[in-house]
Every structure is written in C-alpha cells, then in structure tokens.
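A quick write-up on the structure given underneath.
Every number here is computed from the coordinates shown, using simple stated rules; none is lab data. Keep in mind the model is a prediction, meaning the values are calculated, not measured. As a convention, Cβ positions derive from the backbone with ideal geometry for all residues, glycine included, and neighbour counts pool all protein chains shown.
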C-alpha cells in the first residue's frame, strides 16, 4: 500500500507526533490552516467515511474520545475548536486514509 498516512503511522515518514495509542496516531499538519492544526488518523486504513462499516463503529467512537483527549492536551477545550473530515475530491480529500483535522488556537470563521 502506498498510503502516506500508513507510512507516517509506521514511522517510515517523520512527523511531529502529538498523541498515539493502540488505535490512533495524531500529528501536526505540515500545512496548518490555524495556529493549532492536528490530524487524527486511525491506525486501521479506511479510505473515507464512505468506507466505514458497522464493524468500525467502536473505532469511530474511540476516535471521537481521542479527539477530546487531544484537544484537552493541547489546551483547546476552554475556548473551543473545530473538527473537520473531508470526503472525496469535491469534499477536498487529498489523502485517501480517513483523518480528522483538529483546528483551533484562534477564532475560526463561520462555516456554511
């Protein structure tokens, strides 16, 4: 598999790690769009939200709990933060390994 996030998780490509457990790996985005911009990636390769199966439901819950833990660790929980995941080309997905962006550290503009 030629997935950049799988290579980052395996340590084949360097990253600035923020958090890791048996299910997740989180690291700073190399092209941040906010003062704090972290990517949260499951260690299991799932291409996008459209590829989640019912068997992945426990993992998706662990991702949400991991995001909560990481946001607190980064000091974002008091003022707030945004969580974004892009799906497909029109959704802006450029790496086809599901991942969640934690954005914070400043007032973020309204969406939609």
* Asked: Between residue 62 and residue 107, what is the label-to-label distance in nm when each label sits 7 Å out along the Cα-to-Cβ direction?
  -> 3.9
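Grab the beta carbon distance between residue 73 and residue 13, set R0 = 22 Å, and tell me the FRET efficiency rounded to 0.05.
My answer for the efficiency is 0.45.
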* Give me the angle, in degrees from 0 to 90, between the Cα long axis of helix 57-73 and the longest principal axis of the Cα atoms of the chain, rounded to the nearest 10. => 30
* To do: Only helical DSSP H runs with n ≥ 4 go in: add -39500 (n - 2.57) per run for the chain, normalise by residue count and round the 222 nm mean residue ellipticity to 500 deg cm²/dmol.
  => -6500 deg cm²/dmol
* Descending semi-axes in Å of the chain, equivalent ellipsoid built from Cα gyration tensor -> 21, 16, 15
* To do: Output the peptides 26-33, 49-56, 84-91 sorted from most to least packed, where packing is the average of other Cβ atoms within 10 Å over each peptide's residues.
  => 26-33, 84-91, 49-56
* **Highest average packing first - 98-104, 15-21, 35-41, Cβ atoms within 10 Å** => 98-104, 35-41, 15-21
